[in-house]
Amino acid sequence: MRLVIDCNNLCYMSFYALGGLEYNGKSTGVIYGFLNQLYSLCRKHTPDQILFCWDSRKSYRKKMYPEYKANRSNKSEEELQVLREAYEQFNDLREHVLPSLGFQNNYQIPGYEADDIIAWLVWRCPDDYIIVSGDQDLYQLLQKTKQCETSILSPSTGKMFTYDMFYSVYGLSNPCIDWVKAKAIGGCDSDNVKGIYGVADPAKSNSSKAIEYLKGNLTKGKIYDKIVSEEGQQIIKRNTSLVFLPFQGGHRIDLEIKDDTLYARDFRDVFSEYGFDSLRKELGSWIRVLNLKMKKEG
C-alpha cells in the first residue's frame, strides 16, 4: 500500500496547531507537526511507500479562470506576513527536510496542484492507495477493483472515506465520473468556482440538487431548466475543466516512483538540527515503524 500525502493540507494543519514553536529563533512548528503526523500515519497504516505531493505557487486553473481561489486572498498584511513565514517552513520541508531524511518521492510541478499530482499517480501507477487530505475534490479518485483500492483519509478527523461509503452517502456509483459532474454543476465553494445559481456545492450537502439531478430525482422546474439550458451547459463545461483531476490544460505530467533510502542516522541528524528532542528520544520507535536502516558511522 502507498500513502500519498497532500502536503500543503497537512502543513496548514500543523501551522494552525503549532505555529508558535521555535528553535534558535527560527519557526519550526510546521515541520514538527508534519513529522509527528507522518509518524502517526505510518504507525497506523504501515505503508510500503510514501509519496509527498505539493501545490505549485503558479496555477494553470487561475490562468483559465481568474476568479479561481480569489476568495482566499482577502487577508491583512499581518496575516500575509505570518503566512510567508509558514511558507518558508513548507519550502524547508520540501527542499531540505524530506530529502535529508531519504524520502525520494517528493513532487511539485509548476502550474499544478497537489491534487493533480495525486491523481496522476493513482491513475498511472496502479496500487492500493490511502490519500491523506481533507480536500473533497479527491473523491473522484475513489476506486475499488480486484487489483487496487483507493481511499481518502482526513488528517483533521482521522476518518477514512471509501468507495463503498461514497455510494452510501451520495447514492452515486461511479465517483470518477459522477463526482466531477456533480462539482461541475454545483461548483466548488472552497475554490471559488461558481456553479449554476441555486445549486449547492455537493461537498456541502449530500442532498445537493446536483446530486439529485444526476440520480434522476430532480423535479422539473427552475433549477432543472437552468441546468439543461445552454448557459447552464456552458457553466458545466467550464467547471468540468476546472474540477477534473489531473488538470488537462498544462504541460504533460511525467513522474517516476523511486525506492526510498531511509537511515536512522539521517533521522537523528535532522531531529537534532531542528531541536526536536522529543522526536530524537523516540528514534527507536521511528526505526521500528519506518523500518529504518542502520548506517555505519564515519
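The values are calculated or read from the model by the stated rules, or taken from the named source; none is laboratory data. Remember, predicted model here, so these are calculated numbers, not experimental data. Cβ atoms come from the backbone with ideal geometry, glycine included; neighbour counts cover every protein chain shown. For accessibility, only protein heavy atoms count, side chains too; no ligands or nucleic acids. Shrake-Rupley method; radii C 1.70, N 1.55, O 1.52, S 1.80 Å.
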Being under 30 Å from residue 237 (Cβ atoms), modelled with pLDDT under 95, touching a strand residue (DSSP E or B) at 6+ places or on another chain (Cβ under 8 Å) and of a type outside the set (D, E, K, R) is true for just one of 68, 107. Which residue is that?
68
Based on this model, can you work out whether residue 249 counts as over 23 Å from residue 168 (Cβ atoms) and among the small types (Gly, Ala, Ser)?
yes
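Matching residues to (1) of a type in the set (Lys, Arg); (2) modelled with pLDDT of 95 or more; (3) in a helix (DSSP H, G or I); (4) within 13 Å of the chain's Cα centre (by Cα):
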position	(1), (2), (3), (4)
95	no, yes, yes, no
98	no, yes, yes, no
112	no, yes, no, yes
115	no, yes, yes, yes
Could you please find all residues in region 11-30 being out of contact with any Ser or Thr (no Cβ under 8 Å at 6 or more places or on another chain) and either in a helix (DSSP H, G or I) or hydrophobic (A, V, I, L, M, F, W, C) (or both)?
11, 12, 14, 15, 16, 17, 18
Which residues, counting only those in region 186-207, are without any contact (Cβ under 8 Å) to a residue 40 or more places away in the chain and on the phi > 0 side of the Ramachandran plot?
198
I need the full set of residues from region 47-68 which are out of contact with any Leu (no Cβ under 9 Å at 6 or more places or on another chain), assigned to a loop (DSSP other than H, G, I, E, B) and loosely packed, with under 14 Cβ neighbours inside 10 Å, in order please.
57, 58, 66, 67
If you go through region 240-270, how many residues are free of Cβ contacts under 8 Å to residues at least 60 places away in the same chain and assigned to a helix (DSSP H, G or I)?
3
Hey, any hits in region 69-84 for a residue that's buried (at least 18 other Cβ atoms within 10 Å of the Cβ) and over 12 Å from the mean Cα position of the chain (by Cα)?
no
Among (1) touching a residue at least 60 places away in the same chain (Cβ under 8 Å); (2) more than 29 Å from residue 292 (Cα to Cα); (3) small (Gly, Ala, Ser), which single condition is residue 25 missing?
(1)
What is the number of the single condition among (1) of a type in the set (Asp, Glu); (2) open to solvent by 30 Å² or more (accessible area, probe 1.4 Å); (3) modelled with pLDDT of 95 or more; (4) over 18 Å from residue 8 (Cβ atoms) that residue 189 does not meet?
(3)
Somewhere in region 137-144, is a residue loosely packed, with under 15 Cβ neighbours inside 10 Å and in a loop (DSSP other than H, G, I, E, B)?
no
Cβ-Cβ distance below 8 Å, separation of 6 or more or different chains: which pairs start in region 41-61 with a residue that is touching a residue at least 60 places away in the same chain (Cβ under 8 Å) and end on one that is assigned to a helix (DSSP H, G or I) and among the basic types (Lys, Arg)?
54/94
For region 95-133 the number of residues that are open to solvent by 10 Å² or more (accessible area, probe 1.4 Å), of a type outside the set (A, V, I, L, M) and more than 17 Å from residue 256 (Cβ to Cβ) is 6
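Could you tell me whether residue 207 is farther than 23 Å from residue 121 by Cβ, part of a loop (DSSP other than H, G, I, E, B) and at pLDDT below 95?
Yes: the conditions hold for residue 207.
Looking only at region 145-168, filter to residues that are assigned to a helix (DSSP H, G or I) and within 26 Å of residue 13 (Cα to Cα); which one of those is least open to solvent (accessible area, probe 1.4 Å)?
166
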So residue 216 clears everything in (1) open to solvent by 50 Å² or more (accessible area, probe 1.4 Å); (2) at negative phi except one condition, right? Which one?
(2)
Could you tell me whether region 236-259 includes any residue that is more than 24 Å from residue 4 (Cβ to Cβ), small (Gly, Ala, Ser) and surrounded by 16 or more Cβ atoms within 10 Å (Cβ to Cβ)?
no
Selection from region 138-168 of residues among the β-branched types (Val, Ile, Thr) and closer than 30 Å to residue 16 by Cα yields 150, 152, 157, 162
